[in-house]
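The values are calculated or read from the model by the stated rules, or taken from the named source; none is laboratory data. No experiment lies behind these values; they were computed from the predicted model shown. Note that we place each Cβ from the backbone using ideal geometry, even for glycine, and neighbour counts take in every protein chain shown.
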Amino acid sequence: MTKFPALLLACLAPAVAAFGQEAWPPPLPKFQFSRPATRPPEGEPVDPKVLSPGLAILVKNDVNGLGAQAALVARWTEGRADLRLVEGSGSWSLAAPGGESAPLSPALGSALRHMNQYFGMTAPTLAHPISHAELVAAFLAPESIAAVRTIFDRVMDERLTAGGKILLPEIGGEATLDSKLHFHFKDDPLRPALREMIARRDDPAALARLFDEAPKEMAMIDDQGILKRHLAVRARWDAEGKLPKERRDAVLHVAVDTVAELAADHYSSDFANQLRAMIGEDWSGRYAGPWHCHPPDAGPDGWRGEAPPSDADYEAAAKAGQEIVITFVTDGFDVYDLADTPNGSPFGNPAKPFSYRSEDWRAHFQEVFERVAAAAKK
C-alpha cells in the first residue's frame, strides 16, 4: 500500500469535517516540491494545501502564537493563486505573480517553508513507495537501532507514577526515509491533563475542577467515566460523613490510579500538535508513515511485557493507510508494519513483526529500570 504524508488522525476524524472540506491532505495529494540546494531568488512555489486549510488550522489553534498573523495572511491570499514564498536578507514574504507581496515574520515564514517541505515528500513517495523490505533494512541499520533505543529512553524519562506504580506512556510521530530513517515526534495533547490529574490525586475538589478546566482532554482520559462518576459519589460521601476519610481517600486513589494506567497506555494527537511538530522541523526524503511505540510494564525485577498492536492500532492503519508500531522487548524491539492491514482486523491476518535483539540492549535498559525503580521508592 502506498504511504503518503497524512494529517488525518483516525481518532479525530470528525474534526476534519468541521473545516467543511476534504481531509488535509487528500488521500493522494498531487503537489510536488523539491528543496533546491540554493533557493531561487523568485521564491519557492507554495502548495495551496499549505495556505488552505493550513493557515486556518494555525488561526484556529493559534499554533506557536501565529494565529493573529496567519489570519491576516489568509485574508490577503483570498483570490490569489500561484503564490511563492520568498526569503532574503532575513526577511520573508508571500509574493503573487503580479508583483504584490505580503510580509511575513521569520516565525511564520519558517513555518510555511516546513509545511512546504512536508508536502514535498508526496511526489518522491508516490514515485518510489517504501517497500516492506526497504523498511526492514532501514529499521535494522545501526543508526536506526540507536534511534529506537533513544525513543524508549525518552519514554522512560517521561514516565508517570501513580499510587507507587511506574507508568510508561506511549509516544509517537511520523517517520521519513532519505539517507537514513528519521523519527519525528508529536506531543500527546492529553499528557499535561493526565499529569495534572495524578498531581491532584488527594484532592477530590481539585479533580472535579480539572474536568471543568480541561473538559475535552479529561473526557478522553476518563473515557469510561470511572473518575467522573466516582467524584459525584465522593461528594455525596463527604456530605454524609458516614465513611472514614481514610476509606474515602483510598477509593478515590483507586479510581485515579485506574484511569491513569488506562490513559498512559494510549497515544493520541490532534491537528494543533501535528502542525506544531510539522512547522518545527525540516522534512526531506520519502514518507514512511505514522509511528508509535508500545513500552513495557515495570515488574518486580525489570521491564516485562511484549504488547503487539491493539485492535485500535489496526483500525487506525485501516483508516489512515499505514501505522508503524514499535514494541519494546527485554532484549530488543519488534516492529509491526501495518500498511497492508485487511479490514482493520488483526484476527484474520495479523501482521508479523521483524525484530532486533541484543544483550547490550538488555543490559542498558536493566540499568535504566534499576535507576527508575529506586527513584520511585523515594
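Just checking: which of the strands (runs of 3 or more DSSP E) contained wholly in segment 1-120 hold 2 or more residues that are among the aliphatic types (A, V, I, L, M) and modelled with pLDDT under 90?
Fully inside segment 1-120 and qualifying: nothing.
Scoring PHE183 on the criteria (1) farther than 30 Å from PRO142 by Cβ; (2) in the same structural domain as ILE326 (by TED's automatic domain parsing); (3) aromatic (Phe, Trp, Tyr) leaves a single failure, condition (1).
Specify which of the listed residues (ALA219, ALA250, ALA232) is more than 30 Å from TYR267 (Cβ to Cβ) and modelled with pLDDT of 95 or more.
It is ALA250.
Being surrounded by 14 or more Cβ atoms within 10 Å (Cβ to Cβ) and at pLDDT below 95 is not true of THR176. Remark: ALA138 matches the filter, which requires a residue to be touching a residue at least 60 places away in the same chain (Cβ under 8 Å), of a type in the set (Gly, Ala, Ser), in the same structural domain as LEU338 (by TED's automatic domain parsing) and assigned to a helix (DSSP H, G or I). Taking first residues from segment 217-240 that are in contact (Cβ under 8 Å) with a residue 60 or more places away in the chain and partners that are part of a helix (DSSP H, G or I), no Cβ contact under 9 Å between residues at least 6 apart in sequence or on separate chains turns up. Would segment 157-171 turn up any residue that is touching a residue at least 24 places away in the same chain (Cβ under 8 Å) and within 19 Å of HIS182 (Cβ to Cβ)? Yes: segment 157-171 contains one or more residues that are touching a residue at least 24 places away in the same chain (Cβ under 8 Å) and within 19 Å of HIS182 (Cβ to Cβ).
Tallying residues that are part of a helix (DSSP H, G or I), surrounded by fewer than 18 Cβ atoms within 10 Å (Cβ to Cβ) and more than 28 Å from the chain's Cα centre (by Cα) within segment 195-205 yields 1. Exactly one residue among ALA111, ALA107, ALA74, ALA70 is surrounded by fewer than 16 Cβ atoms within 10 Å (Cβ to Cβ) and not assigned by TED's automatic domain parsing to the domain that holds ILE279, and that residue is ALA107. For segment 212-244, the set of residues classified as closer than 23 Å to LYS165 by Cβ and in a helix (DSSP H, G or I) consists of GLU217, MET218, MET220, ILE221, ILE226, LEU227, LYS228, ARG229, HIS230, LEU231, ARG234, listed by residue number.
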